Amino acid sequence: MAPKKGATLLVKLLSTAGTGYFYVARKNPRKLPQKLEFVKYDPRVQRHVLFSETKLR
């Protein structure tokens, strides 16, 4: 089965605390052209911090 073609991309949400911890999220760049930013839990510093979008290699 071939992967489905669509507008969604996988992006990396990297912790701004500098720990290197990241989440992977899907994004539709046609609907959301700006970079994603979320406040999520970083277990390496044991607190909620800002995660911002970077490219997933």
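Couple of notes before you dig in:
- Unit Cα scatterers, Debye sum, the chain: log10 I(q)/I(0) for q = 0.17 Å⁻¹: -0.58
- Unit charges on C-beta of K, R, D, E only; dipole of the stretch 4-57, Debye: 380
- Think of the stretch 9-55 as having a plus end and a minus end, set by charges on the Cβ of Lys, Arg, Asp and Glu; of T16, F51, L32, L32 sits farthest toward the positive end of this dipole.
- Per residue value of the accessible surface for the chain (all protein chains in place, 1.4 Å probe), Å²: 85
- A straight chain from L32 to V45 at 0.36 nm per residue would run longer than the Cα-Cα distance by 1.7 nm.
- Listed by chain and number, the lysines whose alpha-carbon sits under 16 Å from that of K12, ignoring those within fewer than 8 places in the same chain, are K27, K35, K40, K55.
The values are calculated or read from the model by the stated rules, or taken from the named source; none is laboratory data. These numbers come from a predicted model, not from an experiment. Using ideal geometry, Cβ is built from the backbone for each residue, glycine included, and neighbour counts are taken over all protein chains shown. What goes into the accessible areas is simple: the full protein's heavy atoms, side chains included, and nothing from ligands, DNA or RNA. Shrake-Rupley method; radii C 1.70, N 1.55, O 1.52, S 1.80 Å.
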